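To start, the structure under review is shown below, and the notes come after it.
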Amino acid sequence: MSLLAVKDLCKRFGGLQAVGNVSFTVAPGSIKALIGPNGAGKTTLFNLIFGSLLPDSGQVWFDGKQTDGWKPHQVAAAGMARTFQHIRLFPKMSAWENIAVGRHVHSRAGFLASMLGLPWTQREQRAVREKALEIMRFLGVAELADVEGISLAYGQQRIVELGRALACEPKLLLLDEPAAGLNMRETSEMAKLIARIRDTGVTVLLVEHDMTLVMNISDEVLVLSYGEKIADDKPLAIQKHPEVIKVYLGEDDA
Amino acid sequence: MARRRNLPIVVLALAVIAVHLLAAAAGKPQYLTQLTMAGYYSLVIVGLTLLMGYTGQISLGHAGFFAIGGYTSGLLCTYNLHASSGRALVSLLHAAGLLVAGQDLYGAEILVVRPWVACVVALLVTIAIAYLVGKPVLKLRGHYLAMATLGFGTIVYKVVLGSSLVGAADGISDIPAFPLFAGLAVTGKSALRTQNYYLAWGLVLGAMALLTNLIHSRVGRALRAIHGAEDAADAMGVDTARYKLSMFVLSAGLAALGGVFLTHYNGGIGPSEASIMKSVRYVAIVAVGGMANLWGALIMGVLLNFLSLRGSFGSFDDAVFGLILLAIMLFAPDGLLRAEFVRRLPGLRRVFGQKAEP
Amino acid sequence: MGISKIGLVSSNTGFGKAGKEQVEKAAPGFGIQIVANEVYEKEATDLTAVVTKLKAANVQAFINWSIEPAQAIVIKNARQVGLSVPIFQSHGFGNIQYAKAAGPAAEGVIFPASRLLVADSLPASDKQKPVLLKYKQSYEARYHEDASTFGGHAHDALLLLGKAVEKAGALDKEKVRAALESLQGVVGTAGVFNFSARDHGGLGMDAFEMQTVKNGKFVVYSDTAAKK
Amino acid sequence: MSPDLLFQYLVAGITYGTIYAIVAIGFNIIYNTTGIINFAQGEFVMLGGMIGVTLNAFLPVPLAIAGAVMATMLVGALIEMLFIRWLRRPSVLRLIVITIGLSIAIRELALLLWGEGVRALPYFTGTAVSSLSIGDVHISPQVLWVLGISAVMVAALNFFFARTLLGRQMRACACNREAAQLCGISAKNMVTLSFVLSAGIGGLAGCVISPITYVQYDSGTSLALKGFTVAILGGLGNSMAAIAAGLLLGTLESFSIWVMPAAYKDVIAISILLLILFVRPSGLFGNAEAARLKDY
């Protein structure tokens, strides 16, 4: 039984086929990587899975429910979390508050209860802050708790954004180029971090350009080219796959 | 943490009392009248601060909600149902105690809606309109949102200005006092000036207590997240459309509350309360206060409204607000009452110097 | 003039509304029917559609009640669409600026106003004439623009207050009020004021003179037969 | 309803529509290069008219107009350089509020300078009462002047943006500011230029329409609101569509007076604006995907 199943997903923008008939599954507890040259449709596929875009046709099954057509916040409530290729932190909120927003689906104080400041909402507040700080300790950035999002260094922003997604306690974590813009040392730390997250039982689907990272930590790799799936296999097999080699060598990989 | 948050509320309460004592000691009780009015305008401003500063949704039409509240309550309290007192609906309302009979200035029989019923209906009407307008409008962003809210405000203005039912250009006058309890009534009578001052500021205190709780809660965090990055908030499970709409309706409700009370306090309301210049003025005050700064907006709101109501700006009233808007947005977009601005003050020359760079 | 079907247009301000209500109330008493009744915006830029509506209603004359610049647009558009019926305006037209703005379209517009506007052409026997001329000349010397009736109202108000204080001989509020109520025969720009405890307006019908525009100037409307 | 009356309403509608369309084109030029909706656009129209009338006291009409257009352009340039140019990454909200503040400031300044009086340039041909008659339909010659000058202006703008280097540079900035800068175009100068151009168009419009509409210190506000409506109706940034949208809105307004009280004319216009924003924010003639690209 797979945690995520994508069936015949299609999306066109005007005359451009961004994603064409892509099907694949992600097994629970695994790390699956999504690779392909620039413009292959990786981020579009992410957006389709997460509900940020509506597919033209095809289905998305997540955790036993058909989720295509759902809004992102509904998908999030069902147990999926994501990070963004271009970091989308809340710039004027402190690091811990950024992560606390990730607790949204696990807390329940509404407008009325919040305005009245009922005792249970205050207890919930304290629990949320505690959890956010716990996640920051897990990520090794506890000392940044009170720094505003906009003031964090780039690498720190990536970590806090990851923490925010983890705060959702997702079953499936979608990472869109988690190592983009990181130096070699930071990249290898990020790889270790992703593996540790997987070890806590979170399934990971990631888009990444850094092949070392992908080959080191992935259980399976899916290759897209011009919106279509050309391979879906174990990392070692992918490295020998003739069409993958052709796509990558034929491309001017900047 | 909760205790620290309550401190400003306590300070505000003490300030309200201190101002009363000062005004009394100085023999200027009339100041309390303008402060009462400024208090009711502050309700609009703090609500708008949450909508604009925290949630990041501009509204150039909030005077419209203020006016809908005031006009609805005023109309219900003055519309004479005497002629149709035989009708089943009117009889039913009368029997239910929702109407009040009396005589007008010239001794004619009148039958009008009780003020508290009118107030409740006015709030409900405003909330319903805010919901219906907000649902489609809040899907828009940036300029489109600004234009749509401006359009809404203009429609309200033109409708009240063009409808003889609500007195067209004259507005509604002779609106009765709004009796609350134990001899206390919302009215401009000078005998009840002090009581009304405390009533208005009691409402402001209550609103501030509720809203400060809100901004420090899960909901407040979600609202700020929407302001920061709407797509990311959505991805974290925040139902952004619902939160924006709820905040819009809440701020409209606060505006209407201010409108209802001020209308009864003044005994009348005119179309200028719905004008775009009023909406712009509210936005200006929120901006001067520092956008996402509830206390800043309250302080600047009271100050500027008080000065404006006292006529300190003379015929340059609009010009003053325009120039304030311009100056704040150019030199201190985060508001005057922010530490960063004060720190930057000596460096103003550097700000000007940047012009010369290519 | 034998007019029975008129149009009524007014601006969306307090002035326009008050005039509209009075005309609506008074018209039936004169056997006059208002067949088209429109309110226009004080910021209006073109009112061709409004006057077209009057034209479609076949009005025999129309009243244009407003104090804003838009009142000049109405008469101009009316003449442009070929609506050549008599136009009556309110005393809100009593500023030559509006007549100038409407240019030739203002010719023949009939309106009531105080004699200030036609001070020069009044007979020497008119007891208002010296007051009017003095005000007009000093105003025009000071502000370099034509005197209108509106500034005259402020002049009259101050004049009356001054007379009342003089008569009361003290600044006591009650006494000044009583003195004000008893002022008789004070000649102002708007007319001769005669106050009483019941009449706080002080002016009679004779304070107004029907006037019209001829060659770009305000003149007394002489066709007495036309006065309904 | 006789056909004559029908045409008379249509003429009124075309008059309104053309006036709105010129204001809308002014909005579009600034919006295209900067993404700013200039809430002070109506004030350019007012300034043009006011300056034109003032100059006309000692200059013949054509020279007065030329002078007014140049003066308004100067004001446009000054506004951009003093209030917009040096802002670093301003938010949409900040820009909206700045241009609103500017519009209030200019209006109040005009009140100080010129007072409350109402002015107008003389009719270019004929007088306030002259009209061309076709059967029982009457058209003021000034309406034809407005139509003609608008047409020439639109043609000139089209030529400018399509054929001249400067126009192409401005369009490049509109499409992609960074890329244009990489090609050596000074985006900042293009922004100033767009304000100058837009102010000039506003100023010209103010002169040409003033015989019809008159001009007063606060004439800009209501014109701006209609101009916006038309700009959005046609699709922000699309000037040809703005003309069609202007004529459509003007005609609708004119006919709305036929069936209901004139007091609600604006309510109709703005309700249409809201409806368009809700169902088709890209405008009646716009392209939804192109509009999304400019959604900031």
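Just give me the residues in segment D:235-261 being surrounded by 22 or more Cβ atoms within 10 Å (Cβ to Cβ), more than 11 Å from every other protein chain (Cβ to nearest Cβ) and closer than 20 Å to C:THR45 by Cβ, in sequence order.
D:ALA242, D:ILE243, D:ALA245, D:GLY246, D:LEU249, listed by residue number.
Test of understanding: among C:PHE111, C:PHE93, C:PHE88, C:PHE62, which residue is at pLDDT 85 or above and in contact with a His (Cβ under 7 Å, 6 or more places away or on another chain)?
Of the residues listed, the single one that is at pLDDT 85 or above and in contact with a His (Cβ under 7 Å, 6 or more places away or on another chain) is C:PHE111.
Would you mind stating whether B:GLY296 is open to solvent by less than 40 Å² (accessible area, probe 1.4 Å) and assigned to a helix (DSSP H, G or I)?
Criteria met by B:GLY296.
Yes or no, residue by residue, for (1) buried (at least 16 other Cβ atoms within 10 Å of the Cβ); (2) on the phi > 0 side of the Ramachandran plot; (3) within 14 Å of another protein chain (Cβ to nearest Cβ); (4) modelled with pLDDT under 90:
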residue	(1), (2), (3), (4)
A:LEU4	yes, no, no, no
A:CYS10	yes, no, no, no
A:SER23	no, no, no, no
A:PRO28	no, no, no, no
A:LYS32	yes, no, no, no
A:ASN38	no, no, no, yes
A:GLY41	yes, yes, no, yes
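Cβ-Cβ under 6 Å, sequence separation 6+ or interchain: first residue in segment D:203-226 and facing chain C (nearest Cβ under 7 Å) and at positive phi, partner of a type in the set (A, V, I, L, M, F, W, C) and open to solvent by less than 20 Å² (accessible area, probe 1.4 Å). Which pairs?
D:TYR214/D:VAL118
Answer with yes or no whether A:ARG185 is open to solvent by 20 Å² or more (accessible area, probe 1.4 Å), part of a helix (DSSP H, G or I) and within 29 Å of A:ALA78 (Cβ to Cβ).
Numbers: open to solvent by 20 Å² or more (accessible area, probe 1.4 Å): yes; part of a helix (DSSP H, G or I): yes; within 29 Å of A:ALA78 (Cβ to Cβ): no.
The answer is no for A:ARG185.
Considering only strands (runs of 3 or more DSSP E) fully contained in segment C:57-125, which possess at least 2 residues that are open to solvent by 10 Å² or more (accessible area, probe 1.4 Å)?
C:61-65
Is there any pair linking a residue in segment C:99-120 that is within 14 Å of chain D (Cβ to nearest Cβ) and free of Cβ contacts under 8 Å to residues at least 24 places away in the same chain to one that is open to solvent by less than 10 Å² (accessible area, probe 1.4 Å) and among the acidic types (Asp, Glu), with Cβ under 8 Å and at least six apart or on different chains, and which?
Qualifying pairs under 8 Å: none.
Of the residues in segment D:60-87, how many are more than 30 Å from D:TYR123 (Cα to Cα), open to solvent by less than 30 Å² (accessible area, probe 1.4 Å) and assigned to a helix (DSSP H, G or I)?
Matching residues across segment D:60-87 total 3.
Filtering segment C:1-32 down to residues that are of a type in the set (Lys, Arg) and within 11 Å of another protein chain (Cβ to nearest Cβ), which residue is surrounded by the most Cβ atoms within 10 Å (Cβ to Cβ)?
This residue is C:LYS20.
D:THR127: open to solvent by 30 Å² or more (accessible area, probe 1.4 Å) and outside any helix (DSSP H, G or I), yes or no?
Criteria met by D:THR127.
Restrict the check to segment D:94-111 and report whether at least one residue is more than 12 Å from chain B (Cβ to nearest Cβ) and either in contact with a Gly (Cβ under 6 Å, 6 or more places away or on another chain) or at negative phi (or both).
Here is the first cut: in segment D:94-111, the residues more than 12 Å from chain B (Cβ to nearest Cβ) are none.
No, that holds for no residue.
Checking the condition assigned to a helix (DSSP H, G or I), open to solvent by 20 Å² or more (accessible area, probe 1.4 Å) and out of contact with any Gly (no Cβ under 6 Å at 6 or more places or on another chain), which residue from B:LEU51, B:LEU75 passes?
Details: B:LEU51 fails: open to solvent by 20 Å² or more (accessible area, probe 1.4 Å).
Result of the check over B:LEU51, B:LEU75: B:LEU75.
Looking at B:TYR144, B:TYR131 in this structure, which one is free of Cβ contacts under 8 Å to residues at least 40 places away in the same chain, closer than 30 Å to D:PHE39 by Cβ and assigned to a helix (DSSP H, G or I)?
B:TYR144
Among the helices (runs of 4 or more DSSP H) contained in segment A:51-164, which hold 1 or more residues that are more than 10 Å from chain B (Cβ to nearest Cβ) and either open to solvent by less than 10 Å² (accessible area, probe 1.4 Å) or touching a strand residue (DSSP E or B) at 6+ places or on another chain (Cβ under 8 Å) (or both)?
Values: elements: A:72-77, A:95-101, A:111-116, A:119-139.
Hits in segment A:51-164: A:95-101, A:119-139.
The values are calculated or read from the model by the stated rules, or taken from the named source; none is laboratory data. Note that the structure is predicted; figures quoted are calculated from it, not measured. Glycine gets a Cβ as well: all are built from the backbone with ideal geometry, and neighbour counts include every protein chain shown. Protein only, heavy atoms only, side chains kept; ligands, DNA and RNA dropped before computing areas. Shrake-Rupley method; radii C 1.70, N 1.55, O 1.52, S 1.80 Å.
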